[in-house]
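Below is one structure, written out as structure tokens; comments come after it.
The values are calculated or read from the model by the stated rules, or taken from the named source; none is laboratory data. Because the structure is predicted, anything quoted here is derived from the model rather than measured. Cβ coordinates were reconstructed from backbone atoms using ideal geometry, including for glycine residues, and neighbour counts include every protein chain displayed.
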Amino acid sequence: MFVYNFYVFIGVSLFFLLIAVYTGRNIESVKDYFHRTGDRDWFFSLSAANVTLGTGVVYYLSSSGRFGWLMLLSPLMVLAGYLLFAKLLNDRPNLQTTSSGNFLQWVDEQIGKNQKRSSRIAFYPTLSLVLTFVLILAYEIYASAIIFSQILFDYPTDQATIYIAALLASVTIIYSLWGGVVAVLKTDRIQIIGVLAVIGLLGFAGLFKTGSISNISSIPFIPSSPDIYWGISAAVCGAIATQFYSLLNWGAVSNFPKGHNPAWTLRATGIFTFVMLSALVLIGLLAGTGEAGVSFRSIINEPFLQSPNMLTFVLVAGMVCIVFSTADSLMIQITMFTFDNLLGKNSMDASVSLTDVRNLRLQALLTFGITLSAVIIFIATRQDLLYLLFAVAGGVIVYAPFMFLALVMSNKPLSLKALSGAVSIIFFVLFLLASCGNILALVIDASATAMIVTLSFILSCIIAAVVYTRAK
């Protein structure tokens, strides 16, 4: 066991937990808990959340080893999504002054609320996406636990991975539920430093392993295997879908000062994120091996694990920062969407007592149980991390065209009625079919998840285009 690495791991985790306890003392209402204004806060938060350990560092290192130079399309699509979103939001000032908790809730308010909660536009997408976010949280904890078990133990075991996953999930849920979005934003200012440190150290480790960057030139630009094209297309679809949805529903709509245009913050975040993710792709091209866990261990083993030093401790601390920079955001999104869209409340209402959120402790306990259960299943089935990510993120990818269509139509609120009723149910059915297909693919042939993700995204885009044409 790498004792000092373990001390750093525990110490940094407890540090973030203490920040949450301290900041949670000043939260007096639901609005304080879920929302906060400020350009710099959201620049740091969005940037830090975009570079995760499981769905970011490990994902890009292993994907670059498989897909080659084409993997640069993924960060490029992330940048395009930010720039497009900034342009659309800039042209829709009605969204910049909303008093709704999230975009889906705002859409329901524009078309008029029905008596039945399940009849609203927000219900089915929120139900689908809350379930998806819980699975993505489980995936992030699982992938992170695998990586941490390699740097904390000489001989990692499944039992050690489960213990680490339980600790990560516990800290995430406790400090997110206690400190709310204020704790998330305060810690993100620190965590972005850890993100940059890890990227820099991985670049150093990649050069240390290969001795030079000359081997990058030998990597073919056009892969020979047709399966790779399905993989890169799924990666591109995921880059578009996940970034756009998380922005649309949490940070960019309801958390900027009234009358302020957030376009600059979105553009700056997009450029900064593109640079960081592209750096990870280049590191993966330099030293990646293709399989996620092996790729990461092979890069850091000689310079950081064989003879631990101060840089090793910085790497461990930075990795803890990366894990929580995304996991806490997912937990806040799960809690807020449940509070607003499933329970029918309003997180922007400053008069609502914080007791309503504290009552969500049962939800937090349920989330912890589902997360840890999913982690145990992932460990037992030993799925490839890349294809497992495609499978669990399928819900977000299916609903991305739906969200984009709602944003495009938001300048004419009456046209949003076209998304209610049968259209909302059609997208929900597509989500269920894609989810079942991904589960089946994991059992039979995990690589088929890439094809299912791509085809479901294309079909979702076609349905959105038809709805938009008829609404006009």
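Quick test for you: out of 112, 56, 101, pick the one residue that is over 27 Å from residue 318 (Cα atoms), crowded, with 22+ Cβ neighbours inside 10 Å and at pLDDT below 75.
Working: 112 fails: crowded, with 22+ Cβ neighbours inside 10 Å; 56 fails: over 27 Å from residue 318 (Cα atoms).
So the residue among 112, 56, 101 that is over 27 Å from residue 318 (Cα atoms), crowded, with 22+ Cβ neighbours inside 10 Å and at pLDDT below 75 is 101.
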Can you name every residue in the stretch 63-82 that is under 14 Å from residue 280 (Cα atoms), buried (at least 24 other Cβ atoms within 10 Å of the Cβ) and among the aromatic types (Phe, Trp, Tyr)?
67
Quick check on this structure: which one of 446, 434 is in contact (Cβ under 8 Å) with a residue 12 or more places away in the chain and outside any helix (DSSP H, G or I)?
446
So which residues in the stretch 1-35 are touching a residue at least 60 places away in the same chain (Cβ under 8 Å), hydroxyl-bearing (Ser, Thr, Tyr) and either touching a strand residue (DSSP E or B) at 6+ places or on another chain (Cβ under 6 Å) or under 24 Å from residue 155 (Cβ atoms) (or both), if there are any at all?
4, 13
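Does residue 313 qualify as being part of a helix (DSSP H, G or I), at pLDDT 80 or above and not basic (Lys, Arg)?
Details: part of a helix (DSSP H, G or I): yes; at pLDDT 80 or above: yes; not basic (Lys, Arg): yes.
Yes.
Conditions (1) at pLDDT 85 or above; (2) aliphatic (A, V, I, L, M), marked per residue:
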position	(1), (2)
351	no, no
358	no, no
365	no, yes
391	yes, yes
396	no, yes
420	no, no
443	yes, yes
452	yes, yes
